[in-house]
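To start, the structure itself, in structure tokens.
The values are calculated or read from the model by the stated rules, or taken from the named source; none is laboratory data. For clarity, every value in this text was computed on a predicted model and none was experimentally measured. No Cβ is skipped: glycine too gets one built from the backbone with ideal geometry, and neighbour counts run over all protein chains shown. We work out accessible area using only protein heavy atoms, side chains counted, and drop any ligands, DNA or RNA first. Shrake-Rupley method; radii C 1.70, N 1.55, O 1.52, S 1.80 Å.
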Amino acid sequence: LVDVVDVELQEGPRRIARIVGTEPTIDLGILQLEELHQTYLPALRPLRIGDSDAARVGHWAIALGNPAGPGTTFAVGTVSSRPERQCYQEERTATLMQASLGVPAGSYGGPLMNIEGAVVGMLIPGPGADLAALVTPLRPFEFALPINLAMAIYEPLKLKGSRSSPWLGFSVLELRTARQRLASPAGGKNAPATGVYIDDV
């Protein structure tokens, strides 16, 4: 892994960024822009962070990206699938949001926003992304890392500066999904009001 990367800002200037920490399993990295040679960073306006748990199937989804070249990506679609798991070690796609829109592969890492302009996810390559790119530059749907999961990992990752993925050896279901499964005839039990549902070990 590299320690620094070259970052191109919207206004055109390039800056060096130090890699603070990474989570390889979910393609998440934290960068810190550096001030070098007495040059100062321009004023950057952060995006507003939304609530990915509030996103529902059918809600508007807006993707922004900056692939190689002078152009930028703006794609509009809808949320087509919500994440079912909070544990991303097993069945990784079940931890991701899915939106019915298509963006160039170079736009991965860009924000997925709701109709109010708040970030609810980060676009990441989904299964078969490399193969799909050979067939067509745009895909009919995209995967996104829920912003709530990214922000939950951000603080400990920033403090620890880790570059490896944790492994606990079990999968956890959200209580909403666990209640649906346990309430079915195959479940035969009532889910508790609070707690954690261990789905697989």
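For this structure, a couple of remarks:
- The heavy atoms of Glu34 present about 50 square angstrom of accessible area, all protein chains included, probe 1.4 Å.
- Distance between the pseudo-spin-label points of Tyr154 and Phe74 (7 Å out from Cα toward the beta carbon): 2.5 nm.
- Backbone amide hydrogens, once placed in the peptide plane, bring Asn66 within less than 5 Å of Thr73, excluding anything fewer than 5 places away on its chain.
- Virtual paramagnetic centre 7 Å along Cα→Cβ of Arg56, amide N under 16 Å, in segment 94-114: 114
- A full extension of the chain between Leu168 and Gln180 corresponds to an added length of 1.8 nm, given 0.36 nm per residue minus the alpha carbon distance.
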